[in-house]
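Undergrad: I'd like to ask you about the structure that follows.
Readers should treat all values here as calculations from the given coordinates under stated rules, not as data from a laboratory. Just so it is clear, the structure is predicted and the values come from calculations on it, not from any experiment. Because the Cβ atoms are built from the backbone with ideal geometry, glycine has one as well, and the counts that use them run over all protein chains shown.
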């Protein structure tokens, strides 16, 4: 009870300017441009795989749009070497024997073209050892290859748009901070049977891929994850400029893949035609982030920086609407709201739209390393002391329900007070718990206050995340308006606050591997 009393006292001391919140709500909820922004980032720019022309279109448009809204220093800032860009320029595949059927299939990222229309018989390849491949030598040139699988599709329910219940949010809020040092770290055993089996399977697949390339197969079919026509995409080769060549490969919907497999295993002849055209882009191997600012005006505080962001890159099976044009559009809209109400911030406000998040948070990690310090050594740069907070959005189209503290319990009462005016919009939960998998981790790893908002899941994990269904039509306009309004309010409150957001204890450097 004493801890609760202290938290309540701290919350009571946190002043919230209700008039300013009202202005932000009016602009964000009744004059929003978030869907217009999302349209340009998805339908107009197209898929935004790292270093692809689609990402470049979205980045160039975002720089121009932010500038037109009155941001300064809007630019593309390089963060380091990424690798080759890649895009799909033509994608057609269909069964022609025993009958015609156009299949749902997506080229795996960074795989090559078929060099025109190919027609061939589908051949089942079964190989558990390298010697099993001998029986296929000289027999696969121009063929379409399929692999056996024991996978069966589970009949899925029509995915409901999931939202957090009051009970789920209450459970999150009741989470407690782990003891210092946390739970014992699970030891990684490179000699374990499980790891050895995984290593053997990976090596065998690499051997098979090299064999198929040398045999000049026409096309490889792989079963994509997903049901009901939804296909989740992956990469089939490395983006590195030094990567080895691979054969063309299509990620096929589960329904189409298993139909073809059943026919072939039953001895039925299956022929398929395909025309896949992809292109690599290697003139500029650098990765870039979009950066823009609203400069601070207070003489003592203007050198301190508040950052907001989300990643702009996507996968290639659709237009990356919920992952993560939604977060990028919300953050751009938050900046627009603050300019539209003619806010003159005390601290500098900076937006960052990251690239190559999907390959490993590369854009934000590169930015943090350049500006704030080295995570490996914890050697910090002067800007480290001047970053107030970083707020991130990257969990789909769902509305904001609260915020993860990443263990920064001292920030809890502050954020609780800031969320109070948005209780009617469904937001208010603060959990000391962590969430992972996105760019706030780049900040948190260096001891900087980096936060991700709690969002309703909607159909993010069941239907849109990295899939061919991740399109503009999956976006929820009301939820994105709500999110942008809350983000703008958080930024306003952070800028106006006398002190910076409290920080956790600086982490120690990770052990050398």
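Undergrad: In nanometres, what is the gap between the two model label sites at residue 191 and residue 434, each 7 Å from Cα along Cα-to-Cβ?
TA: With each label placed 7 Å out from Cα toward Cβ, I get 2.9 nm.
Undergrad: If you fit an axis through the alpha-carbon atoms of helix 2-13 and take the longest principal axis of the Cα set of the chain, what angle between them do you get, 0 to 90°, nearest 10?
TA: 70 degrees
Undergrad: Next up: How much length is gained on full extension from residue 165 to residue 203, taking 0.36 nm per residue of separation minus their Cα-Cα distance?
TA: Between residue 165 and residue 203, full extension yields 9.2 nm more.
Undergrad: May I pose another question? Return one number: the angle in degrees, 0 to 90 and rounded to the nearest 10, between the long axis of the Cα atoms of helix 254-265 and the longest principal axis of the Cα atoms of the chain.
TA: 20 degrees
Undergrad: Quick one: if you take sqrt(5λ) for each eigenvalue of the C-alpha gyration tensor of region 1-135, what semi-axes come out, biggest first, whole angstrom?
TA: They are 51, 25, 19 Å, listed from largest to smallest.
Undergrad: Could you check the simple spin-label distance between residue 385 and residue 298, using points 7 Å along Cα→Cβ, in nm with one decimal?
TA: Between residue 385 and residue 298, the label points sit 1.8 nm apart.
Undergrad: Once the Cβ-Cβ distance between residue 102 and residue 152 is put in as r, and R0 is 30 Å, what FRET efficiency do you end up with, to the nearest 0.05?
TA: 0.80
Undergrad: Go ahead and estimate [θ] at 222 nm for the chain from helices alone: -39,500 (n - 2.57) per DSSP H run with n ≥ 4, summed, over the residue count, rounded to 500.
TA: After summing the helix terms and dividing by residue count, I get -9000 deg cm²/dmol.
Undergrad: Here is a follow-up. With the cut-off at 18 Å, report for region 379-513 the share of all Cα pairs above it, as a whole percent.
TA: Every Cα pair in region 379-513 considered, those over 18 Å come to 58 percent.
Undergrad: Quick one: plug the Kirkwood hydrodynamic radius of region 20-88 (C-alpha pairs) into Stokes-Einstein at 37 °C, 0.692 mPa s, and report D in µm²/s.
TA: The calculation lands on 234 µm²/s.
Undergrad: Have a look at region 179-329 and give its Rg and Dmax from the Cα atoms, expressed in angstrom.
TA: 23.1, 79
Undergrad: Next question. Taking the C-alpha atoms of region 295-440, how large are the radius of gyration and the largest Cα-Cα span, Dmax, in Å?
TA: 16.0, 48
Undergrad: Also: So for the pair residue 19, residue 60, with labels modelled 7 Å out along Cα→Cβ, what separation do we get in nm?
TA: Those two pseudo-labels are separated by 4.5 nm.
Undergrad: Tell me whether region 336-417 comes out rounded, prolate or oblate; compute the Cα gyration tensor, take square roots of the eigenvalues as a ≥ b ≥ c, and use a/c under 1.5 as the rounded threshold.
TA: rounded
Undergrad: Over its Cα atoms, what ratio of radius of gyration to 2.2 N^0.38 Å does the chain give?
TA: Compactness ratio reported: 1.06.
Undergrad: Quick one: compute the contact order of the chain, relative version, from alpha carbon pairs under 8 angstrom and 6+ residues apart, as a percent.
TA: Computed over the chain, the figure is 23 percent.
Undergrad: Quick one: if the Förster radius is 45 Å, what FRET efficiency do residue 262 and residue 29 give, using the C-beta to C-beta distance and rounding to 0.05?
TA: 0.30
Undergrad: From zero outward in steps of 5 Å, how is the percent of C-alpha pairs of region 57-181 spread across the bins?
TA: 2, 6, 7, 9, 9, 10, 10, 11, 12, 9, 7, 5, 2, 0
Undergrad: Rounded, prolate or oblate: which fits region 425-498 when a ≥ b ≥ c are the square roots of the eigenvalues of the alpha-carbon gyration tensor, with rounded for a/c under 1.5 and prolate only if a/b beats b/c?
TA: It is oblate, given that a/c is not under 1.5 and a/b is not larger than b/c.
Undergrad: Here is a further query. Report, for the chain, the % of DSSP beta bridges that are antiparallel, rounded to 5.
TA: Here the antiparallel bridges make up roughly 60 percent for the chain.
Undergrad: Report the FRET efficiency, 1/(1 + (r/R0)^6), for residue 67 and residue 477, where r is their Cβ-Cβ distance and R0 is 30 Å, rounded to 0.05.
TA: That gives a FRET efficiency of 0.75.
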